[in-house]
Amino acid sequence: MPKAAASPLGAVDALLALQAVPDAVMQRSKAVRRGQVMLDLLDDLRDGMLAGQISRASVQRLSASLVRDDQFTEPGLQAVLDAIELRAHVELAKLERR
């Protein structure tokens, strides 16, 4: 049985796949960081409400955190971020009604 030669295209595909791994890891890390920032800002907002004074800076930071520049490919992570964003939008809408 003769040995099959490795296809050059197969090697290129493998290299491209390896290069995509760091991008996926960085994208996930960015999404997790973004979610944590939004949760921290929502905590600050809650603390301000409980103290009876909500700083304009807290509201502005929360509003700015809702600007999304990309979608994440991991469906579960995207669903969590969507839920956090929805909560942030609801809280901001409540503040606007006041």
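Think of each Lys and Arg Cβ as +1 and each Asp and Glu Cβ as -1; about the Cα centre, that makes the dipole of the stretch 15-97 roughly 140 debye. Our Cα-only numbers for the stretch 37-98 put the radius of gyration and Dmax at 12.4, 40 Å.
Distances between placed amide hydrogens fall under 5 Å for F72 paired with no residue 5 or more residues away or on another chain.
Throughout, read-outs are computed from the coordinates displayed, never taken from laboratory work. Everything numeric in this text was worked out from a predicted model, so none of it was measured. Cβ sites come from the backbone with ideal geometry, for glycine too, and all protein chains shown count toward neighbours.
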